Amino acid sequence: MKIGILTGGGDCPGLNSVIRAIVRKSIDQKNEVVGIKYGWKGLLEKETMPLTLRSVSGILPKGGTMLGTSRTNPYKQKDGSELAKKNFKELGLDALAAIGGEDTLGVASKLYGEGLNVVGVPKTIDNDLAATDFTFGFDTAVNIVMGCIDRLHTTAESHNRIIVVEVMGRHAGWIATHAGIAGGADYILVPEIPINMDEVCQSLQARHDRGKNFSIVVVAEGAQFRNEDLKTQEKKLDEFGHVRLGGIGHKVGSLIEERTGFETRVTVLGHIQRGGSPSAFDRVLGTRYGVKAYELIKDKQFGKMVSLRGNKIIAVSLEEATAEIKTLDLDLYDLAKIFFR
């Protein structure tokens with residue numbers, strides 16, 4: 001077989017482990033592998049590179065993706081889906097492994113419905129893809145955020161300040177909550193629950209009243225006040241209809257200082273959360289996903305996505321996997337709330 005691989009959407013640690021695993025397993029079984037560069041954009045423009053044992057050697061510990069990525073949506077291009085199918089055929093591909101989140105895999109699901117031999121690998125740093133317990137990149141991001149919170153504790157305590165930390169999480173507060181619990185945050189704000197500044201300020205005031213002269217507040221970028229729009233860097237939409245989020249941390253920080261009188265600073269972690277070497281968990285998970293993706297292709301189980309359920313790697317339908325967002329488990333948030341005082 002000739003197998004194509006592409007990575008779409010935002011980059012995250014662990015992508016290269018998936019690519020490496022698919023290539024190693026495929027070549028071991030005497031197949032040819034080609035990389036589609038820059039996500040769906042590469043398929044539309046037939047921009048490819050050969051993937052060999054040599055080309056994937058040494059990529060396991062590297063962050064990002066050796067194939068490059070983009071947020072290109074073939075269904076937003078004139079005759080894009082037809083061009084994708086035409087180029088798939090002209091490239092001589094027998095199957096394609098699409099590695100990405102809800103947007104990339106949503107395209108994969110549609111193309112499968114139109115006859116393309118596609119399998120999916122779940123990738124979202126936000127961990128909000130349905131039908132899988134965890135996505136690679138999430139564990140690395142949580143550890144990065146936790147480390148930053150650890151460092152912010154010392155400067156907040158030294159200056160008797162409140163520090164607001166804005167983290168990733170467009171639709172779901174998985175990173176904010178996991179990292180907040182692990183880093184000992186004093187309040188966590190997530191997209192699933194509208195922000196109540198009265199409660200936030202009362203909690204922070206109570207800490208100060210009992211002698212705690214500093215606090216850390218973690219807020220997900222997609223958190224918002226009831227009946228208010230999301231805070232954005234710009235209103236321009238990408239090809240999947242998303243805006244660039246950012247600014248909620250500064251809004252929350254200014255309100256805290258205004259209402260409590262406590263000196264407040266804001267740290268926006270942004271793309272720091274995406275960068276660097278993947279954790280051991282993400283390297284292993286990505287490797288397991290890659291091997292399973294090859295097995296689905298070998299067995300002609302197209303239209304499927306690999307998934308972690310418990311400690312097992314299974315296959316679920318792309319349609320099921322992209323049907324809805326996996327929002328935060330509110331039992332976990334209730335656990336975090338024990339420490340909001």
**Q.** Among the residues listed as Thr48, Thr65, the single one being in contact with a Leu (Cβ under 6 Å, 6 or more places away or on another chain) and polar (S, T, N, Q)
**A.** Thr65
Q: Looking only at the stretch 266-288, decide whether some residue is assigned by TED's automatic domain parsing to the domain that holds Trp40, modelled with pLDDT of 90 or more, in contact with a strand residue (DSSP E or B) (Cβ under 7 Å, 6 or more places away or on another chain) and of a type in the set (D, E, K, R).
A: yes
Q: Check off (1) under 15 Å from the mean Cα position of the chain (by Cα); (2) not assigned by TED's automatic domain parsing to the domain that holds Glu114; (3) not β-branched (Val, Ile, Thr) for Glu258 and give me the number that stays unchecked.
A: (1)
(Q) Given the condition free of Cβ contacts under 8 Å to residues at least 60 places away in the same chain and either hydroxyl-bearing (Ser, Thr, Tyr) or assigned by TED's automatic domain parsing to the domain that holds Glu258 (or both), answer yes or no: does some residue in the stretch 159-168 qualify? (A) no
**Q.** So Lys292, is it farther than 30 Å from Cys148 by Cα, of a type in the set (D, E, K, R) and crowded, with 17+ Cβ neighbours inside 10 Å
**A.** yes
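This table checks each residue for (1) crowded, with 20+ Cβ neighbours inside 10 Å; (2) under 15 Å from the mean Cα position of the chain (by Cα).
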{"residue": "Asn127", "(1), (2)": "yes, yes"}
{"residue": "Gly137", "(1), (2)": "yes, yes"}
{"residue": "Thr140", "(1), (2)": "yes, yes"}
{"residue": "Val167", "(1), (2)": "yes, yes"}
{"residue": "Arg207", "(1), (2)": "no, no"}
{"residue": "Phe214", "(1), (2)": "yes, no"}
{"residue": "Gly222", "(1), (2)": "yes, yes"}
Q. Quick one: would you say Gly222 is free of Cβ contacts under 8 Å to residues at least 40 places away in the same chain and either in contact with a Pro (Cβ under 6 Å, 6 or more places away or on another chain) or under 26 Å from Gly261 (Cβ atoms) (or both)?
A. no
Q) Considering the stretch 19-44 alone, what residues qualify as being part of a helix (DSSP H, G or I) and without any contact (Cβ under 8 Å) to a residue 12 or more places away in the chain? A) Asp28
(Q) Going by what's in this entry, would Ile5 be described as within 25 Å of Ser277 (Cβ to Cβ) and in a strand (DSSP E or B)? (A) yes
Q) Among (1) farther than 22 Å from Val23 by Cβ; (2) of a type in the set (Lys, Arg); (3) crowded, with 21+ Cβ neighbours inside 10 Å, which single condition is Lys110 missing? A) (3)
Q. Looking only at residues in the stretch 101-126 that are of a type in the set (S, T, N, Q) and assigned to a loop (DSSP other than H, G, I, E, B), which one is farthest from Thr140 (Cα to Cα)?
A. Asn117
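Give the residue that is modelled with the lowest pLDDT, with candidates limited to residues of the stretch 70-100 that are part of a loop (DSSP other than H, G, I, E, B) and over 25 Å from Lys300 (Cβ atoms).
Applying the filter and picking the extreme gives Gln77.
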Q. Which one of the conditions (1) under 21 Å from Val119 (Cα atoms); (2) without any contact (Cβ under 8 Å) to a residue 12 or more places away in the chain does Arg309 fail to meet, given that it meets all the rest?
A. (2)
Q) Any idea how many residues of the stretch 45-65 are touching a residue at least 12 places away in the same chain (Cβ under 8 Å) and either surrounded by 18 or more Cβ atoms within 10 Å (Cβ to Cβ) or farther than 20 Å from Lys2 by Cα (or both)? A) 10
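The values are calculated or read from the model by the stated rules, or taken from the named source; none is laboratory data. Because the structure is a prediction, the values reported are computed rather than measured. Virtual Cβ from ideal backbone geometry, glycine too; neighbours counted across all protein chains shown.
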